[in-house]
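Asks: Take this structure, written in C-alpha cells, and hold onto it; I'll ask about it next.
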Amino acid sequence: MGQKGKMGVAQQVDTTDFHVEAIDLLSNHVVCEAGIALVVAVYSAIKKTSVLAGLVILGDLSIQGNIKSLRSLAEPLQVAMDNGARRALIPLENKRNFLEVAGDIVERVDPIFFSDPMTGGDEGVGMT
C-alpha cells in the first residue's frame with residue numbers, strides 16, 4: 001500500500017500481517033478484477049468502519065497502484081443489481097461506458113465514480 005501514509009493507516013499496515021486468499025470455487029478460471037475492493041476491505045478493517053450497505057466495488061489496480069478500467073459495465077452491474085446492490089463504486093474512466101448500461105439498472109443502482117484508490121476507499125466506507 002504505497003498510499004498508506006496519505007490514507008492514515010501507515011502504522012497499522014506496517015505492524016499487521018494480512019492474509020488474503022481468492023479461490024475460484026467453480027474452477028472456471030475467470031479473471032478476478034477486485035483490486036479496488038481489496039483496498040476498500042483492508043481500509044475498512046483497519047479503520048473498523050463498515051463498508052456501505054448495498055455497495056458493489058468495481059475496478060482493479062495495476063502493480064504500480066494505478067486504477068484499471070473495466071472492459072464493460074453492463075454485465076457486472078446487472079449481476080450486482082440482481083444480488084441487492086444499490087450503489088456502485090466505478091472507476092472514473094468507465095463513466096462513458098455508463099451510457100451502455102440498460103435503463104432499468106441505471107434507475108436502480110447509483111454510480112459513485114472515483115479516480116484514485118484513496119477516494120475509492122473513503123467512498124466505500126462512507127468517509128467523504
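The values are calculated or read from the model by the stated rules, or taken from the named source; none is laboratory data. What you are looking at is a predicted structure, and each value in this text was computed from that prediction instead of being measured. Glycine gets a Cβ as well: all are built from the backbone with ideal geometry, and neighbour counts include every protein chain shown. Just so you know, the surface numbers come from the protein's heavy atoms only, side chains and all, with ligands and any DNA or RNA stripped out. Shrake-Rupley method; radii C 1.70, N 1.55, O 1.52, S 1.80 Å.
Asks: Do we have SER62 as among the polar types (S, T, N, Q), open to solvent by 60 Å² or more (accessible area, probe 1.4 Å) and either modelled with pLDDT under 90 or closer than 17 Å to LYS4 by Cα (or both) here?
Replies: Answer is no for this residue.
Asks: Here's a follow-up. Tell me which of these ILE57 doesn't satisfy, since it passes every other one: (1) at pLDDT 80 or above; (2) more than 17 Å from VAL109 (Cα to Cα).
Replies: It fails just one condition, (2).
Asks: Please identify the pairs in which a residue from the stretch 10-39 that is surrounded by fewer than 10 Cβ atoms within 10 Å (Cβ to Cβ) has its Cβ atom under 9 Å from the Cβ atom of a residue that is among the basic types (Lys, Arg), counting only partners at least 6 apart or on another chain.
Replies: ASP14/LYS4
Asks: Quickly run through the stretch 41-56 and pick out the residues that are farther than 20 Å from GLY8 by Cβ and either touching a Pro at 6+ places or on another chain (Cβ under 7 Å) or not in a loop (DSSP other than H, G, I, E, B) (or both).
Replies: Quick first cut of the stretch 41-56, residues farther than 20 Å from GLY8 by Cβ only: 53-56.
LEU55, VAL56 - these are the residues of the stretch 41-56 that are farther than 20 Å from GLY8 by Cβ and either touching a Pro at 6+ places or on another chain (Cβ under 7 Å) or not in a loop (DSSP other than H, G, I, E, B) (or both).
Asks: Here's something else I'd like to know. Residues in the stretch 1-40 that are among the aliphatic types (A, V, I, L, M) and either more than 20 Å from GLN64 (Cβ to Cβ) or outside any helix (DSSP H, G or I) (or both): how many?
Replies: 10
Asks: Still on this structure: Which of the residues spanning the stretch 92-121 are open to solvent by less than 50 Å² (accessible area, probe 1.4 Å) and among the small types (Gly, Ala, Ser)?
Replies: Of everything in the stretch 92-121, those that are open to solvent by less than 50 Å² (accessible area, probe 1.4 Å) and among the small types (Gly, Ala, Ser) turn out to be ALA102, GLY103, GLY120, GLY121.
Asks: Anything in the stretch 65-91 that is surrounded by fewer than 15 Cβ atoms within 10 Å (Cβ to Cβ) and in a helix (DSSP H, G or I)? List them, or say none.
Replies: Once the filter is applied, which keeps residues that are surrounded by fewer than 15 Cβ atoms within 10 Å (Cβ to Cβ) and in a helix (DSSP H, G or I), the stretch 65-91 yields ALA74, GLU75, VAL79, ASP82.
Asks: OK, next. Against the definition (touching an Asp or Glu at 6+ places or on another chain (Cβ under 6 Å), within 29 Å of LYS4 (Cα to Cα) and of a type outside the set (A, V, I, L, M, F, W, C)), how does ARG71 come out, yes or no? Explain how you work it out, then say what you get.
Replies: Values: touching an Asp or Glu at 6+ places or on another chain (Cβ under 6 Å): no; within 29 Å of LYS4 (Cα to Cα): yes; of a type outside the set (A, V, I, L, M, F, W, C): yes.
No.
Asks: Also, I was wondering about something else. Which numbered condition in (1) within 13 Å of ASP116 (Cα to Cα); (2) under 12 Å from the mean Cα position of the chain (by Cα) is the only one that ASN66 fails?
Replies: (2)
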